[in-house]
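All remarks here apply to the structure that follows.
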């Protein structure tokens, strides 16, 4: 049924309602191979040979069945599966230029892939596109300690950049749970956010320049080690967050602040979400410029996390020992005495006003890290429970938790066993709302139909965003024109895509609706 | 001679050398009226009537001779003069849409104008284009104190936004000398930087969304009150810094941090530029997250400033009482005790290591402001001296002052009376290098030929930028393809311009070379 809907002309869509159409395409987009694209052709073994001949020493081409290449075909969630039989592992932008130029000439789809840790199916093929992996492009070209500017290739693992910068007394202004695997090129291509976004800003703020290979093989060099450069259009921004649909990012200049000499954290519990909001206000006032992170977790997710991690603040009145809401608040600064004093004043004020039920302060760095281990376990603990519906939304802070309650109520009668679990970067209004069916790892399509597009429509009604930091990929691309961009903005997006990639070879069927 | 060079085909350019060509066009671009554009026509009185009929109540059209409309035709420096006879003052984006759509249909050039405080001739007409002034579009739509997001129309004066935000305990993260006159729309269109760029980041970091009217009259609404929104290409960035060549910005969402409760400043003197650099390193270490501004001034500019302002740190060994280099360092924070202590530790360390010759600390806010008055007088004091060659460059910090010394040496034999005066945001590697001929207000073309393009070539050799924060406008547009963007980047810029403004009506002859 769904394959019928995906006619090349898309005319069948006119016959179905929006929600039917959105659902049908969403289901379709998770299955590979069935997509009959008119603009692209399937690569053959001789294409693999031709691609191999374009590589220099050090680069290689992997071929095999989709199962042999499952590392490259299957996403982190195991939900999106491509059928690529060719993976190219170049070492240089020049090689990528030749590869992409060849594929453009031959009308073969190309999927750029970094650490493949994305959560919206954006980094794996939809069908049998050629995967261009940046895993061998992992040179760090240096960090200028005068200016704090790091230059590196796209395939550097984020954790490696953190270590490299820390050895030079600097900090990479991006941190997220997947840092041990994700690559900076993928981070930039998806405009990754993470837990220190509030303090350091987005990658639009911190990427000073980049190099990208365009669909026709042009190497577009807009690298820069200048913090200020107002000479013409700042085109790097087009590539940040474009999810590999406009070019393959190959090199990056990143602004890195000095490493803070002091880190402190508090783990706090609140009885009501109103208290969470009041605590946030007090944090901004009392911690001011030291405030680095303000993370939220609800009781439902900590129930899952506490199987493997001791929660440092427990509630004796609760059968599971948990309060309704938890916060992880971190300061980073240059003077530990001052930061500790600020944190103490912050807690004192909260306790005095009764805005927190209880809380603990870190005594050393290992305790800061133990608190973060709880927060970073939210995702894997939820994934381990059962099938996982993941929603990454922006929502006005005053309504941040209302949407979770609304959705809990909505699914209660359909799947009373399903768990709604929440965590997120509340200081940025970014909620990770998750649903899981304990013990059941197959998707319950009836539950999906209850969740979507209702949840997204509710987000838009509340003036939020249906994708705060994960992107659209294959998971939300069908909603782009319906619930994300208005007609004029979508038209300009299509013009830009057409300008940079007229044959549509780059990361096909991602970001834009396939309908 | 220069008008001959500007043939429509530009073919005459092939016969002249690059530097001749650059100079000839630069001179040409300062004179209005002579430009024979083939793509645009001159507006007539009947166009003025037609434009008036497109306005709602509250909007108006001014007509008159170029001299009558000199406020709109002449730039702040008095150097660039247009010959517009029609100025439109709309109040809404819908009116602008109708105006621009009309001009597009009629092939009439349109110059968007905010406070007209730009320093590169970007906000005044080259010839007789219609000026669209945003001065009546000055509604502030509100500041959400939960999220810190301010929404306002493009014509709001920056100072008014500062006052409005401060009354609501927030801070507009952009500050510059012209804040009493410049408008936020112009700030965004030119990606203005200013003195707190280091602390708060660029407008790419702080503008969350905007509305712009495109050349065909389309109102492109990419406003957003979400800090995180990864749904498709983030097109607002194209307009930030595009100097009105892609659309007229009409509305802005701006992220505003909480107002700091504490401000402290130090005015320091150094004997060598090496000491300036060491002081910067110590400031980053000791002041850390509180460091808000680190401004540089040399003896030459303070000689001019001290006619009207008392310099709080003087040198008894110097006949004029001045040290070679001065710094204004400001902290902003949430705890005055901590900030004062950090500043005291900072000064103690500097004095102990002998990195500063002398210095004073502010005792109250009025003293902070008195120090800033010195810094903000650098520009007007230089302007008052004589003709002013203004260069706004980025340069690696280790070579920050080398270029000033190099240029001083270069002009010494030609114009020994000319003064090279320097100030800037050294923490961002942004130098304002100025040359003035005391008592002589006409441009000495021989001196210009000594300065340009040599200075820009020197900047590029040093891997800097020929325009850090002022933009290209008419002043540096001829250098875009020569000394700013490579061929591939320039080609993509032209494609983007062609896509958004195929008839070239928006701010013609700005940003792009006319040759």
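The values are calculated or read from the model by the stated rules, or taken from the named source; none is laboratory data. What you see is a predicted model, and the numbers here were worked out from it, not measured in a lab. In this analysis, Cβ positions are derived from the backbone assuming ideal geometry, glycine residues included, and neighbour counts consider all displayed protein chains.
Of note:
- Residue selected from the range A:461-483 under the condition free of Cβ contacts under 8 Å to residues at least 60 places away in the same chain and touching a helix residue (DSSP H, G or I) at 6+ places or on another chain (Cβ under 8 Å), by the criterion nearest to residue B:217 (Cα to Cα): A:481
- All positions within the range B:448-481 that are away from chain A (no Cβ under 11 Å) and either surrounded by fewer than 18 Cβ atoms within 10 Å (Cβ to Cβ) or over 21 Å from residue B:423 (Cβ atoms) (or both): B:448, B:449, B:450, B:453, B:454, B:457, B:461, B:474, B:478
- Search result, residues across the range B:180-194 that are crowded, with 22+ Cβ neighbours inside 10 Å and over 19 Å from residue B:222 (Cβ atoms): B:182, B:183, B:192, B:193, B:194
- Scanning the range B:435-447 finds one or more residues that are more than 14 Å from chain A (Cβ to nearest Cβ), surrounded by 22 or more Cβ atoms within 10 Å (Cβ to Cβ), modelled with pLDDT of 95 or more and not in a loop (DSSP other than H, G, I, E, B).
- Hey, residue B:424 in a loop (DSSP other than H, G, I, E, B), surrounded by 19 or more Cβ atoms within 10 Å (Cβ to Cβ) and at pLDDT 95 or above or not: no
- Residue A:119 being at pLDDT below 95 and either surrounded by 19 or more Cβ atoms within 10 Å (Cβ to Cβ) or under 25 Å from residue A:503 (Cα atoms) (or both): yes
- Residue in the range A:141-153 that is within 25 Å of residue A:72 (Cα to Cα), outside any helix (DSSP H, G or I) and more than 7 Å from chain B (Cβ to nearest Cβ) present: yes
- Being facing another protein chain (nearest Cβ under 9 Å) and more than 17 Å from the chain's Cα centre (by Cα) is a property that holds for residue A:199.
- Residues in the range A:241-261 that are buried (at least 24 other Cβ atoms within 10 Å of the Cβ) and at the interface with another protein chain (Cβ under 7 Å from one of its Cβ atoms): A:241, A:242.
- Applying the criterion of at least 3 residues that are in contact (Cβ under 8 Å) with a residue 12 or more places away in the chain, touching a strand residue (DSSP E or B) at 6+ places or on another chain (Cβ under 7 Å) and farther than 30 Å from residue A:432 by Cα to the strands (runs of 3 or more DSSP E) found wholly in the range B:202-320 leaves B:248-255, B:262-270, B:291-298.
- Test set (1) more than 13 Å from chain A (Cβ to nearest Cβ); (2) touching a helix residue (DSSP H, G or I) at 6+ places or on another chain (Cβ under 9 Å) - residue B:337 fails condition number: (1)
Matching residues to (1) more than 9 Å from every other protein chain (Cβ to nearest Cβ); (2) within 25 Å of residue B:95 (Cβ to Cβ); (3) at pLDDT 95 or above:
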{"residue": "B:167", "(1), (2), (3)": "yes, no, yes"}
{"residue": "B:179", "(1), (2), (3)": "yes, no, yes"}
{"residue": "B:189", "(1), (2), (3)": "yes, yes, yes"}
{"residue": "B:194", "(1), (2), (3)": "yes, no, no"}
{"residue": "B:217", "(1), (2), (3)": "yes, yes, yes"}
{"residue": "B:223", "(1), (2), (3)": "yes, yes, yes"}
{"residue": "B:238", "(1), (2), (3)": "no, yes, yes"}
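- Which listed residue, of A:309, A:338, A:387, is surrounded by fewer than 20 Cβ atoms within 10 Å (Cβ to Cβ) and on the phi < 0 side of the Ramachandran plot: A:309
- Qualifying residue in the range B:114-132 (condition: under 29 Å from residue B:229 (Cα atoms), outside the structural domain of residue B:98 (by TED's automatic domain parsing), touching a helix residue (DSSP H, G or I) at 6+ places or on another chain (Cβ under 7 Å) and assigned to a loop (DSSP other than H, G, I, E, B)): no
- Of all the numbered requirements in (1) in contact (Cβ under 8 Å) with a residue 24 or more places away in the chain; (2) surrounded by fewer than 21 Cβ atoms within 10 Å (Cβ to Cβ); (3) away from chain A (no Cβ under 14 Å), residue B:378 misses one, and that requirement is (2).
- Residue selected from the range B:482-511 under the condition part of a loop (DSSP other than H, G, I, E, B) and within 8 Å of chain A (Cβ to nearest Cβ), by the criterion surrounded by the most Cβ atoms within 10 Å (Cβ to Cβ): B:511
- Inter-residue pairs, beta-carbon under 7 Å, first on the phi > 0 side of the Ramachandran plot and in the range B:170-193, second buried (at least 24 other Cβ atoms within 10 Å of the Cβ), 6+ apart: B:191/A:230; B:191/B:202; B:191/B:203; B:191/B:240; B:191/B:241
- One residue stands out among those in the range A:390-419 that are surrounded by fewer than 22 Cβ atoms within 10 Å (Cβ to Cβ) and assigned to a strand (DSSP E or B): the one that is nearest to the other protein chains (Cβ to nearest Cβ), which is A:390.
- Taken together, A:427, A:397, A:435 contain a single residue that is touching a helix residue (DSSP H, G or I) at 6+ places or on another chain (Cβ under 6 Å) and not assigned by TED's automatic domain parsing to the domain that holds residue A:196, which is A:427.
Per-residue answers, yes or no, for (1) in the same structural domain as residue A:270 (by TED's automatic domain parsing); (2) surrounded by 16 or more Cβ atoms within 10 Å (Cβ to Cβ); (3) farther than 23 Å from residue B:286 by Cα; (4) touching a helix residue (DSSP H, G or I) at 6+ places or on another chain (Cβ under 7 Å):
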{"position": "A:301", "(1), (2), (3), (4)": "yes, yes, yes, yes"}
{"position": "A:305", "(1), (2), (3), (4)": "yes, yes, yes, yes"}
{"position": "A:313", "(1), (2), (3), (4)": "yes, yes, yes, no"}
{"position": "A:318", "(1), (2), (3), (4)": "yes, no, yes, no"}
{"position": "A:326", "(1), (2), (3), (4)": "yes, yes, yes, yes"}
{"position": "A:333", "(1), (2), (3), (4)": "yes, yes, no, yes"}
{"position": "A:361", "(1), (2), (3), (4)": "yes, yes, yes, yes"}
{"position": "A:371", "(1), (2), (3), (4)": "yes, yes, yes, no"}
